[in-house]
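Comments concern the structure below.
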Amino acid sequence: MIELLPLVIALPLAGAVFLHFFGRRIGEPASGWIATLAIGAAFVVGLVNAVPAFTGELHHAEHVAIWDWMPAIGASLEIQWDALSVLMTLVVTGVGTLIHVFAIGYMHGDPRFSRFFTYLNLFAASMLTLVLAGNFAMLFMGWELVGLCSYLLISFWYTKPSAAAAGKKAFVVNRIGDFGFMVALMLIFLNFGTLSYGGVFERAGEVLTTGTAVAIGLLLLVGAAGKSAQVPLYVWLPDAMEGPTPVSALIHAATMVTAGVYVVSRAAAIFELAPAAGYAVATVGAVTALWAATIAIGQSDIKKVLAYSTVSQLGYMFLAAGLGGYVAAVFHLMTHAFFKALLFLGSGSVIHGMADEQDMRKMGGLRKHMPTTAATMGVATLAIAGIPPLAGFWSKDEILGVAFEGGTYGQVLWVVGLITAMLTAFYMTRQWVMVFMGEPRWDDGVHPHESPRVMTIPLVILAVLSVVGGLVNTPFRLGLEHFLHPAFEGIDLAHPSEEMSVFAILAAVSVLAGVAGIAVGYLVYNRPPARWTKFQEGFGGLWTAWEQAYRVDDIYGATIVKPGKRLADAAAFKFDLPVIDGLVNGAGWLVRTVGSKLRVVQTGLVRNYGVLFVAGVLAAVIWMVVAGGGV
Amino acid sequence: MMTLAQLGSDVSWMAIAPELVLALGAALVLLIDVQFKPKTGGSLAWTTGFVLAAAFGFALAQWLRLADIPISERFPFGRMVIVDGTGLLARFVLLVVTGLAVATGWRLFERLGRRRAEALALILLSAAGFQLMAVSVHLVMMFMGLEVGSIALYVLAGITRERADSDEAAMKYFLLGSVASAVFIYGVALTFAGTGSLNILEQNQFLTQNILLAPGVLLVGLALCIIGLTFKVSAAPFHAWAPDVYQGAPAGLVGYMAAAAKVGAFIALWRLVDLGFPTMRASWAPVVAGIAALSMVVGAVLAAVQSDVRRMLAYSGVAHAGFILTGLLSGIDGIRGVWFYLAVYTLQLVGAFGVVAAVTGASTSRSAISDFAGLGRRQPVLAVVFSTLLLGMAGLPLTSGFIAKFGVFQDAWQAGFEWLVIVAVLASVIAFFFYLRVIVTMFMEEPSGDDHASVGVVARWVLALVAIVTVVLGILPAPLLELAGDAVAR
């Protein structure tokens, strides 16, 4: 069955191509169902092929060659099927299918309904190209394609200036990361002479010096930080919320933004040779986790909270991966895909029911009107807050466990992680309470209603996954650990302590932190808004800073964007125009002048041509005889 | 010396089957015309297509079983003909080019009336001639092929004989071509005097076994042979005929005339210098390099100042001849690059002249660049096709032309002709200017005057196909490169 794997990419791609040409004619909702069918079928194909991985028969990576493009440099279309790609494929197609279904309801009535699903399918194909790639060239192809799709989907409502600007911002910021990523690939090619995973990772130990490994690792981190929205390149993700909410759920929570975590895990063999680069990854992750969590506290836009929360949770994953806890990172990647997708879809359901209202200060009391949404989002909130036995508890605890075992520096990061966990519990509870509890604070003319089945069923399924998803890897049964082990053959994985007592204490501490966060959030925000203000004023300027996201955008604007523009202007008008253009025009003038002079020879008279011919013959013959020593 | 009996013993009709089919096909076309006097060209078109396909089929059959042919049967007809991959590839290219030329220039054949049968027969005959030239390892045989091909081309240049400039073109081509033929055959005679053989392989054998103390006669002979062939590919300074002929001859035929002669002559030249005289490389290589450099510079610079598209293409052809000669210099290793270049360039050439014929009329001789103004709006498909072909000739990355140029440059560099590669790159840069000028005119200038552009359905599809191939080979050159490499290996 393994030879069917290319279908995993081909099916959504075919869906995208088909919808591109016939989508408009098919219309709504059929084109949405076709797109869903395409990615659903991809999920089934992936699942069937995943069976050997589940039964433990997939010891080594299987390879399926699709097309040998440039075999000399190991750049071909080739699928690598190992535990890591199995897991990523199932998450992308599984969660992706649910989000496709949800979007059929959410995008109802949009004039570009079918175009939306074209992009969504194209994105799925691109993301699957990324995770299934068997070499860095194909990985990079997927990497750039998901960036393109992200751009297209963020600015899907391109008539809205803010959406167009957000798309542009995401594109430009990602370019910075991609630059680092590209240089990393070049370094890899220079050192190994190939881009195929096998050729690189198996020989990494003998080929790379520590310095080179650190350089590659840091450059990969730059790329990963761009795509996964880490400090300092995270600024595009909150703006990306301008896109339709299913896009936020699929691309900016569950799949694309985890590509950075995936790449770091994939390149574990390189990071293992470069502990310094690993620490850099962990540090970036920890800083991002805390930084974004504080900003999330101050947001009042329902999607902005989730956006910063995503940035923060991605930081968590980086923290784990940097310390060598790849299993923990991938584990959290998976559970986060479940509950964050659920939170985004839930917020979408709320926005849908509230007639496109996104400000939480104008919500409240919605649980009576949207019971399913309220319940499922409540589950997700508890999951992300780390309340056992929900999914988030197990994965977050494993990350904290890894950090705690990571020496002194690891324990510093553990403290950061713990504070973040508490803040996470707080702002998520704050959000849920502000939206679903208390008195209605709606604008006039808003009549909230529960969303249709096509939207709530995916919510319920994701809620179930958010509850049980963590059980695949508990200290009592390390299922995921064993499952992923073949993919990290020869890598020294970081683990939480195996002592049950250590686990129990750490778990108790983190649950306590979570409960504390929830309690504060509930007690403060389950009261009239006047009391919130009082609470917020208690933080003074700090709260304003959080509310304004530390004004990072303004700082970037003043320090990077403006000088950059000035430099570009100078290059264009002070250098390019007079110097480069002058050179080019000068060369053109020279050619024309010489040509016009030479043209005189072309008289049109055969006798002149004959003379030229004979002269040429004489010259050539004499030259040849002299050069050949014939005389 | 060989006796007649020996000659009879190694006749292999299969070895020259494609040429026989073409020659018989030419006769068939004429007979159909005489017997049935068809009013429209339909039956003749089908016949021509069938003949070309049959010839292609024979060549393909031979290609497929090439590996099984023992070395003893590789040189039939008393070692006059060679059976090898290079010769077969030459046929493939020539037959494809011929088919494309007929398809894209069909408007011209319609206008020729009853003379269309003559034109088609002449095309088939000239293709047969140039193919023979490409598969011969005997200098007289090579000359025969050259003459059969060339004489047919002289007539074709003047086929629209009611037009004075067409006659003028034919006459010029004939006069200068005759001089070149004379030079070539004189060179052949001198090489015979120098080596005692007319067979390229035997000449090589002689030169490897003997040391010539005074090779003067032989060197003059070789120089004259090379000049005779470089005339046919319109390399400078033997190019003066090309712009006048390209402009005067009917547009629908120029593409074929230029492409066919180039394929035959370049392969013959390669056989001559690399199979016959590798021992005298030190003598001929600098001269060929000089011709190549001069061609590239003169071609590029003069193309830049032309105001007529056909003259521009003629001079750009001079430059391209220089590029291909650059590839030839790298010896046996370079032939793969030369092959690729020849194949993609001739395709683009025929396609480009197909567009010129469509835009300015198949039988006219005026094709000012200004006639192309606004073509992007009038005939978007045609304009895009033409742009693609021009960019391909310019060697823009992602077109086949880039891969071709890159290949010959790389080979030449490795063969030690660094200076020539630098000249070639500079010439390529100049070349961008005049190709882009046409594209800019097509898309950025307002249409002036009347719109004569018209293109048949078949021609449109064929042209689009050529453009697509140009791009596809620019992204995926591997199959054709492998084919070319294969041909050399066989």
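The values are calculated or read from the model by the stated rules, or taken from the named source; none is laboratory data. Here the structure is a predicted model, which is why all the values come from computation and not from measurement. Here the Cβ is made from the backbone with ideal geometry for all residues, glycine too, and neighbour counts use every protein chain on show. We work out accessible area using only protein heavy atoms, side chains counted, and drop any ligands, DNA or RNA first. Shrake-Rupley method; radii C 1.70, N 1.55, O 1.52, S 1.80 Å.
Here are the numbers:
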| quantity | calculated |
| --- | --- |
| Test for residue A:545: is it part of a loop (DSSP other than H, G, I, E, B), touching a helix residue (DSSP H, G or I) at 6+ places or on another chain (Cβ under 9 Å) and open to solvent by less than 60 Å² (accessible area, probe 1.4 Å) | no |
| Residue check, residue A:512 surrounded by 14 or more Cβ atoms within 10 Å (Cβ to Cβ), closer than 30 Å to residue A:334 by Cα and more than 14 Å from chain B (Cβ to nearest Cβ) | no |
| Condition broken by residue A:483, with the remaining ones in (1) touching a strand residue (DSSP E or B) at 6+ places or on another chain (Cβ under 9 Å); (2) among the aromatic types (Phe, Trp, Tyr); (3) open to solvent by 60 Å² or more (accessible area, probe 1.4 Å) satisfied | (3) |
| Wholly within the range B:193-281, helices (runs of 4 or more DSSP H) carrying at least 3 residues that are within 18 Å of residue B:138 (Cα to Cα) and within 14 Å of chain A (Cβ to nearest Cβ) | B:216-232 |
| Identity of the residue in the range A:592-603, facing chain B (nearest Cβ under 7 Å) and open to solvent by 20 Å² or more (accessible area, probe 1.4 Å), that ends up farthest from residue B:183 (Cα to Cα) | A:592 |
| Residue identified as part of a helix (DSSP H, G or I) and open to solvent by 10 Å² or more (accessible area, probe 1.4 Å) among B:338, B:318, B:298 | B:298 |
| Residue in the range A:545-564 that is farther than 30 Å from residue A:305 by Cβ and more than 14 Å from chain B (Cβ to nearest Cβ) present | yes |
| Filter pass, residue B:303 being within 14 Å of chain A (Cβ to nearest Cβ), at pLDDT 85 or above and touching a Phe, Trp or Tyr at 6+ places or on another chain (Cβ under 7 Å) | yes |
| Subset of the range B:18-45 that is within 24 Å of residue B:89 (Cα to Cα) and hydrophobic (A, V, I, L, M, F, W, C) - its residue that is farthest from the chain's Cα centre (by Cα) | B:24 |
| Scan of the range A:567-591 for residues that are more than 9 Å from every other protein chain (Cβ to nearest Cβ), surrounded by 12 or more Cβ atoms within 10 Å (Cβ to Cβ) and of a type outside the set (A, V, I, L, M), ordered by number | A:576 |
| Unmet criterion (only one of (1) more than 19 Å from the chain's Cα centre (by Cα); (2) modelled with pLDDT of 90 or more) for residue B:272 | (1) |
| The range B:158-192 - residue that is within 11 Å of chain A (Cβ to nearest Cβ) and among the β-branched types (Val, Ile, Thr) and, of those, least open to solvent (accessible area, probe 1.4 Å) | B:183 |
| Condition met for residue B:361 (crowded, with 21+ Cβ neighbours inside 10 Å and either touching a Ser or Thr at 6+ places or on another chain (Cβ under 7 Å) or of a type outside the set (Lys, Arg) (or both)) | yes |
| Residue within the range A:323-332 that is on the phi > 0 side of the Ramachandran plot and in contact with a Phe, Trp or Tyr (Cβ under 9 Å, 6 or more places away or on another chain) present | yes |
